[in-house]
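Below is one structure, written out as structure tokens, with a few remarks after it.
The values are calculated or read from the model by the stated rules, or taken from the named source; none is laboratory data. Source: prediction; values computed, not measured. Here Cβ is always computed from backbone atoms with ideal geometry, including for glycine, and neighbour counts include all displayed protein chains.
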């Protein structure tokens, strides 16, 4: 059983437009030292998938910078390794307006990559989800069931879901077969959704994409999946581990703060033999000096903390000045806070500077966001 | 692929580090963890790459397994090069001889072929037991400017401590006229840092001569340097200013770690213009719990702090449970300090488990020494380890 990976880097970008203005969903910083793609990539690498294509079509500078040659995920390989798949535009067709408008467009663009794979299965993943999943088990279940496509599903509480737009809600019968698939926005109760982690039999995926090209289909879910529920064999693999889906700024804030919960941290970072890998930055250990007071927080390396930090996530290289109080906030890489600053429910993007004495506050449902390189 | 290298570094990493006792039973001294996420050898290796030296031979002999794995292909230091890079040089069997390294000079002698392969003009000799940041390129420029055969980096030490070092007496132009190993009545305070640059051909001649001298200790400090001086070779002292510490003893290792603490530490590892690289483990950010108290500490990724930590350097993946109090200590990594345990003035090696309520060492003000717990040792719940005690791994 062999498998290659395929990651959709830009899908869902518009859900957190503020943060993806200058980057892909895949390169949105998360959890102190990661980018969202790290979870999808690590899940694949930890399941011995050593050939991964990353489909992207705009804003991908930060993504390329993050991934480099893939060595931090052990994907700098002679055979396989990581391949970035930008849109395929020929010199005769440079004005195509619909480059990667949809997942199907993205798959069409990646068909060369897929065709060159000799692996039996293709594992697909989006970058708006956070989980630590054993894909080997999914692949085994897929192979055993003889499915064309297996959706990794999970049960969510619709009441707490914060997603702009829709989520893929699935219905599964007792045998594990997917009987219905609908893009919708559930508002209450427990619902089973697809995580958008999918395993496809390679030959099936190839035939579907080729057929979509010939028929001019544009939607993978509406034109292919929904129409073939009976003729094809779609299965569900129920995943019940820690799972988060980022679908809005509020959701980003909530998913980040969930890391302060021990069970969530264990489920993401504490799984034996399945580390979450990321780009190495070579930061020194974090320094706590002066009157630093810090409780209930996730802190990456390279920080210098001289003030008070509570219930917060601090990325690498954050400076918290003397007399400064940071509460319920997310400070991304190299955020600098001067002295006597007060922050509550604030998200600072990379390299933000907050001058002495500033008082900023948002609230849980509407965190105050300061864009990259902002000074306030 | 052949490309001439101007300068090749040879890093002496074979020493046992016997004065570090429990910390070096399984590990060569250069691989001893330092500063939370580093190992001692990260300093000379990072200095090399930051100085533009991309070919480094690491001479290993004693307990090399951890060190070999740590260095690997040199990727963390950007020393995974198509030509050159970092290479491990263990003793090997030659056509005529098969010897352990008999001394520092003999180790280089046995590997001169490595230097010759790159047709290097200069050879930089380093050791793996010092913590410092130094631009070797400046030293090389000095060496060339002086037209020296050998340049030795020196550090001005307080006169009263000079008798603990190898002391260089120099003329006003920096040339060395006398070298005395641990002199009783020093006439200079310029201490050798164990960092040498040689012209390759000159070094080769002296190594061969030394090898053919019966009874020689085959040592740079004892034989090669005095021999060159006696023969009137051009030898210069390169004055270094900045932080430098030999971490060959338990107390100096502890002190050097403590020198990293505070707002303006003596040794700043956060300086992005002179990074110290290390092999990283993929660990989560540290988590600080609701009741944690952290005062004046450096804490590394992967840690979980629920108790109290004061004046400590805490390495990666350490868990300090609720109610535990750790003070004035160095925790090298992957240790668990159990609930209510009290650790004072101690060095805790990697993989150690301190049981609930155990007491390690005593307050620094009254303790007669640093308590040391060796790699992978488990201290039972409620046990007592005296100040200054040394618990080696089993």
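For region B:220-234, filtering for residues that are surrounded by 18 or more Cβ atoms within 10 Å (Cβ to Cβ) and under 29 Å from the mean Cα position of the chain (by Cα) leaves 6.
Yes or no: residue B:237 at pLDDT 95 or above and part of a strand (DSSP E or B)? So residue B:237 fits the description; yes. Inclusion of residue A:312 among residues that are modelled with pLDDT under 95 and either crowded, with 22+ Cβ neighbours inside 10 Å or under 20 Å from residue B:301 (Cβ atoms) (or both) is not warranted. For region A:213-227, state whether one or more residues are touching a residue at least 40 places away in the same chain (Cβ under 8 Å), buried (at least 19 other Cβ atoms within 10 Å of the Cβ) and at positive phi. There is no residue in region A:213-227 that is touching a residue at least 40 places away in the same chain (Cβ under 8 Å), buried (at least 19 other Cβ atoms within 10 Å of the Cβ) and at positive phi. Is at least one residue of region A:145-158 more than 24 Å from the chain's Cα centre (by Cα) and either surrounded by fewer than 19 Cβ atoms within 10 Å (Cβ to Cβ) or outside any loop (DSSP other than H, G, I, E, B) (or both)? There is at least one residue in region A:145-158 that is more than 24 Å from the chain's Cα centre (by Cα) and either surrounded by fewer than 19 Cβ atoms within 10 Å (Cβ to Cβ) or outside any loop (DSSP other than H, G, I, E, B) (or both).
Take the conditions (1) more than 14 Å from chain B (Cβ to nearest Cβ); (2) surrounded by fewer than 17 Cβ atoms within 10 Å (Cβ to Cβ); residue A:342 misses just one of them, which is (2). Checked against the criterion of being at the interface with chain A (Cβ under 9 Å from one of its Cβ atoms), at negative phi and assigned to a loop (DSSP other than H, G, I, E, B), region B:310-322 contains one or more residues that satisfy it. Listed conditions (1) surrounded by 15 or more Cβ atoms within 10 Å (Cβ to Cβ); (2) in contact with a helix residue (DSSP H, G or I) (Cβ under 9 Å, 6 or more places away or on another chain); (3) farther than 24 Å from residue A:244 by Cβ; (4) modelled with pLDDT under 95 are all met by residue A:161, apart from (3). Which one of these is facing another protein chain (nearest Cβ under 9 Å), buried (at least 22 other Cβ atoms within 10 Å of the Cβ) and out of contact with any strand residue (DSSP E or B) (no Cβ under 6 Å at 6 or more places or on another chain): B:253, B:269? Only one candidate qualifies: B:269. Would you confirm whether or not region B:159-168 contains a residue that is surrounded by fewer than 18 Cβ atoms within 10 Å (Cβ to Cβ) and closer than 23 Å to residue B:51 by Cβ? Within region B:159-168, not a single residue is surrounded by fewer than 18 Cβ atoms within 10 Å (Cβ to Cβ) and closer than 23 Å to residue B:51 by Cβ. If only residues of region A:246-302 that are within 7 Å of chain B (Cβ to nearest Cβ) and in a helix (DSSP H, G or I) are counted, the one that is surrounded by the most Cβ atoms within 10 Å (Cβ to Cβ) is A:269.
Scan region B:289-312 and tell me whether some residue there is modelled with pLDDT under 95, within 15 Å of residue A:303 (Cβ to Cβ) and under 24 Å from the mean Cα position of the chain (by Cα). The answer is no, given that none of the residues of region B:289-312 is modelled with pLDDT under 95, within 15 Å of residue A:303 (Cβ to Cβ) and under 24 Å from the mean Cα position of the chain (by Cα).
Only one of B:261, B:283 is facing chain A (nearest Cβ under 9 Å), more than 19 Å from the chain's Cα centre (by Cα), assigned to a loop (DSSP other than H, G, I, E, B) and surrounded by 16 or more Cβ atoms within 10 Å (Cβ to Cβ). Can you tell me which?
Just a single option satisfies the conditions, and that option is B:283.
Total residues in region B:293-309 satisfying the condition of being without any contact (Cβ under 8 Å) to a residue 60 or more places away in the chain, assigned to a loop (DSSP other than H, G, I, E, B), at the interface with another protein chain (Cβ under 10 Å from one of its Cβ atoms) and crowded, with 21+ Cβ neighbours inside 10 Å: the figure is 2.
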